[in-house]
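Have a look at the structure below, then the notes.
The values are calculated or read from the model by the stated rules, or taken from the named source; none is laboratory data. Bear in mind that the values here come from a model prediction, so they are computed numbers and not experimental data. Don't worry about glycine lacking a Cβ; one is built from the backbone with ideal geometry, like all the others, and counts go over all protein chains shown.
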Number of protein chains: 2
Amino acid sequence: MAEKKRVLLIGSGGIGTITALNLELSGECAVTAVLRSNYNAVKENGFQIDAADYGKFKSWRPSQVLNRDGEKKEKEEYDYVICTTKNTPDVPPPTLPLVDLIRPAVTPGHSVIVLIQNGINIEKPVVAAFPRNVVLSGISCMGANELRPGVILQNEPDLLGIAPEFVRLYNAAGKAKCSYDPDLQHERWRKLLYNCVWNPIAALTNCDTGRLRLVGLSEGYADVDPVVSLVRPAMKEVIAVAASVGVTLDPGLIEGVVEADELEVFCVPSMLQDARKGRPMEVETILGEVTRTADRNGVPVPVIKVLYVLLKAKQWWNFEANGLIDLQASVEKRKRKLEEGK
Amino acid sequence: MAEKKRVLLIGSGGIGTITALNLELSGECAVTAVLRSNYNAVKENGFQIDAADYGKFKSWRPSQVLNRDGEKKEKEEYDYVICTTKNTPDVPPPTLPLVDLIRPAVTPGHSVIVLIQNGINIEKPVVAAFPRNVVLSGISCMGANELRPGVILQNEPDLLGIAPEFVRLYNAAGKAKCSYDPDLQHERWRKLLYNCVWNPIAALTNCDTGRLRLVGLSEGYADVDPVVSLVRPAMKEVIAVAASVGVTLDPGLIEGVVEADELEVFCVPSMLQDARKGRPMEVETILGEVTRTADRNGVPVPVIKVLYVLLKAKQWWNFEANGLIDLQASVEKRKRKLEEGK
């Protein structure tokens, strides 16, 4: 029997853990999962998993778990390095940019780097940092959440679109649907219709996607229905930006994305989940890249731009509250600037 | 000696209590203050006041205090009914609209109604409800806060602009500066430059006005400086809307309003104070009226409109969280609408 593929998984939350489970079940992969907030819980009890595609597990463990905080250096040679972390390049140190996070684990010229993350242009810094490695860009439509440390619920099918080499491995366990998606950029942009619109509006208003669709029905709210005034206009902006980079999204998609989540699920998009927990939100790979692409190509994105700047300020507040920004230094800097301006 | 003027004060927070103090000190007014959240504290210990213009008081009391929750009906005939409450017409019952709140206290054809509140068009419903009464519209530039129930700090001078009849009374104590402002609408709009811009941006981002001016100085934030992308553009929109109703605001005012609060005071605008406390924000008299006026007069207000709808959704969330909106009824309503639409 051939040696198992050595897989390093960085980011073992909802999506990551189901990915690890799937690859281990194939019998062809030995997954090393890098944990952080859930390390102690998993080390002690394993993962408790309730997965629509894979079944229930009381105490499941990948081949190996590492503690990111305790064991900084991976010495093994990995065939695959899979990133399922959030992608927040704007978060200041000590949070590492993605390329620095994976660097110790990447064997130049050997490891295949697989990014299963939201956003656009996320491959660019990785390709630049590891020019001799294959970088695969994947986009997951799976619904999976870590309810509390080590407790994973997968409630939407494991559908993964990805570039070729990885496809066979991901399908080997026979449960997931991993397809070679020759048009991954189209998929990325289609997913942005949701992430670039529902996510920030939810994070700024504290309303989930169910409630945001109900607001306009309350007395006195007809003129300020967020779906009419913000959601649809912002989705139209995303479609226009996509068109400017040669990706054609059918405007008919909009209503499907407006109603993507069942009303009564009161789905809490990831940015609102993060906002409520006081964690960094994925602002840059989603709204930042869309806004910059729009500016470069002369596409007006008035709604998205306002959402972007508001979110950045909200993110900044969170950074400062967590001691990641030196307030006094900023005050001094501004005073100097005002002085110079005089 | 002439009988004292009987004054009913509704809303004895920061601004209201200093107003009452000033009128009592004149020796010409007997003020009845209607209290709510601070009734017990004041009934027991009086107000503790530290006022820049009036001095310090350990246990000050107006002529009379009433408990809004306990004593619904005022039977006295009041010469003046002064409203210094927040003005939130969109808050659902049991909160009463302003006109219903003051109705028991207004003697038709006699009581002079004085509104010392933010926003525009706030007089209209009051004039409509009390056609036989004089309605005065005042705008205060005083800085005063209720730090905790019954404890009042006045830290900015008591400057009040108002229409004629009330001016002499307000100045009688010799401490405040109340002037007859023949151009009150201009003042209202000038104040809106601040309230319609700093307030919502702060409430949505959780950043005070000091921090909002620092965000753009942090590394990676140059392109998303809220002052450049939101504050100045929104203030220009306010100026354009003002122009459409014949009020000319000098664009040169903008920088003054941008820097209105000292950076290091980290001033928390009232909407952010309310948002942090989970209280209703003054959305309608400020952003709602400006947006509607803009729509009526064909003035584009893209930034303010996005801020307005986001704030309304945030306000809705707060209402629902406080049991003021029936979620299940909304869900049913939406389902019926979708069915009908098919």
Need the failing condition index for residue B:205 against (1) within 9 Å of another protein chain (Cβ to nearest Cβ); (2) polar (S, T, N, Q); (3) under 30 Å from residue B:167 (Cβ atoms), just the number.
(3)
Could you list, in sequence order, all residues of segment B:209-226 that are touching a helix residue (DSSP H, G or I) at 6+ places or on another chain (Cβ under 6 Å), more than 7 Å from chain A (Cβ to nearest Cβ) and assigned to a loop (DSSP other than H, G, I, E, B)?
B:225
I'd like to check something: does segment B:72-80 contain any residue that is of a type in the set (Phe, Trp, Tyr), assigned by TED's automatic domain parsing to the domain that holds residue B:12 and in a strand (DSSP E or B)?
yes
Please verify whether segment B:16-26 includes one or more residues that are assigned to a loop (DSSP other than H, G, I, E, B) and more than 30 Å from residue A:224 (Cβ to Cβ).
yes
For segment A:146-170, give me each residue that is in contact with a strand residue (DSSP E or B) (Cβ under 8 Å, 6 or more places away or on another chain) and free of Cβ contacts under 8 Å to residues at least 40 places away in the same chain.
A:147, A:159, A:161, A:163, A:164, A:167
State which residue pairs qualify: first residue under 21 Å from residue A:8 (Cα atoms) and inside segment A:86-105, second residue assigned to a loop (DSSP other than H, G, I, E, B) and among the aliphatic types (A, V, I, L, M) in any location, beta carbons under 6 Å apart, and separation of 6 or more residues or different chains.
A:87/A:122
Taking the condition in contact with a Gly (Cβ under 7 Å, 6 or more places away or on another chain) and either within 22 Å of residue A:319 (Cα to Cα) or outside the structural domain of residue B:95 (by TED's automatic domain parsing) (or both), does residue B:301 pass?
no
If you take the residues in segment A:1-24 that are among the aliphatic types (A, V, I, L, M) and surrounded by fewer than 18 Cβ atoms within 10 Å (Cβ to Cβ), which one is modelled with the lowest pLDDT?
A:1
Going by the structure shown, is residue B:147 buried (at least 20 other Cβ atoms within 10 Å of the Cβ) and not acidic (Asp, Glu)?
no
Residues to consider are A:228, A:265, A:224, A:241; find the one that is out of contact with any Gly (no Cβ under 8 Å at 6 or more places or on another chain) and assigned by TED's automatic domain parsing to the domain that holds residue A:306.
A:241
Can you say whether residue B:139 is over 21 Å from residue B:31 (Cβ atoms) and either surrounded by fewer than 16 Cβ atoms within 10 Å (Cβ to Cβ) or under 15 Å from the mean Cα position of the chain (by Cα) (or both), as far as the supplied structure shows?
no
For residue B:155, only one of the following conditions fails: (1) of a type in the set (S, T, N, Q); (2) over 17 Å from the mean Cα position of the chain (by Cα); (3) buried (at least 22 other Cβ atoms within 10 Å of the Cβ); (4) outside the structural domain of residue B:250 (by TED's automatic domain parsing). What is its number?
(3)
Restricting segment A:30-46 to residues that are outside any loop (DSSP other than H, G, I, E, B) and more than 21 Å from the chain's Cα centre (by Cα), which is nearest to residue A:2 (Cα to Cα)?
A:30
Residue list for segment B:290-342, restricted to those being closer than 17 Å to residue B:237 by Cα, buried (at least 20 other Cβ atoms within 10 Å of the Cβ) and either within 9 Å of chain A (Cβ to nearest Cβ) or among the acidic types (Asp, Glu) (or both):
B:291, B:303, B:305, B:306, B:307, B:308, B:309
Consider residue B:58 carefully, then state whether it is surrounded by fewer than 21 Cβ atoms within 10 Å (Cβ to Cβ), at pLDDT 80 or above and not β-branched (Val, Ile, Thr).
yes
Inside segment A:227-250, can you point out the residues that are of a type in the set (Gly, Ala, Ser) and within 8 Å of another protein chain (Cβ to nearest Cβ)?
A:229
Members of segment A:176-200 found to be surrounded by 19 or more Cβ atoms within 10 Å (Cβ to Cβ) and more than 17 Å from the chain's Cα centre (by Cα), listed by number
A:176, A:178, A:181
What number of residues in segment A:106-126 are of a type in the set (Gly, Ala, Ser) and modelled with pLDDT of 85 or more?
2
Let me spell it out: the conditions are (1) of a type in the set (A, V, I, L, M, F, W, C); (2) over 21 Å from residue B:294 (Cβ atoms); (3) under 23 Å from the mean Cα position of the chain (by Cα), and residue B:231 meets all of them except one. Which number is the exception?
(2)
Over segment B:184-201, the set of residues more than 9 Å from every other protein chain (Cβ to nearest Cβ) and among the aliphatic types (A, V, I, L, M) is B:184, B:192, B:193, B:197
What helices (runs of 4 or more DSSP H), lying completely within segment B:230-298, carry at least 3 residues that are over 29 Å from residue B:124 (Cα atoms)?
B:253-258
Out of curiosity, is residue A:287 under 22 Å from the mean Cα position of the chain (by Cα), surrounded by fewer than 20 Cβ atoms within 10 Å (Cβ to Cβ) and more than 8 Å from chain B (Cβ to nearest Cβ)?
no
Just checking, how many residues over segment B:3-48 are free of Cβ contacts under 8 Å to residues at least 24 places away in the same chain and closer than 21 Å to residue B:110 by Cβ?
1
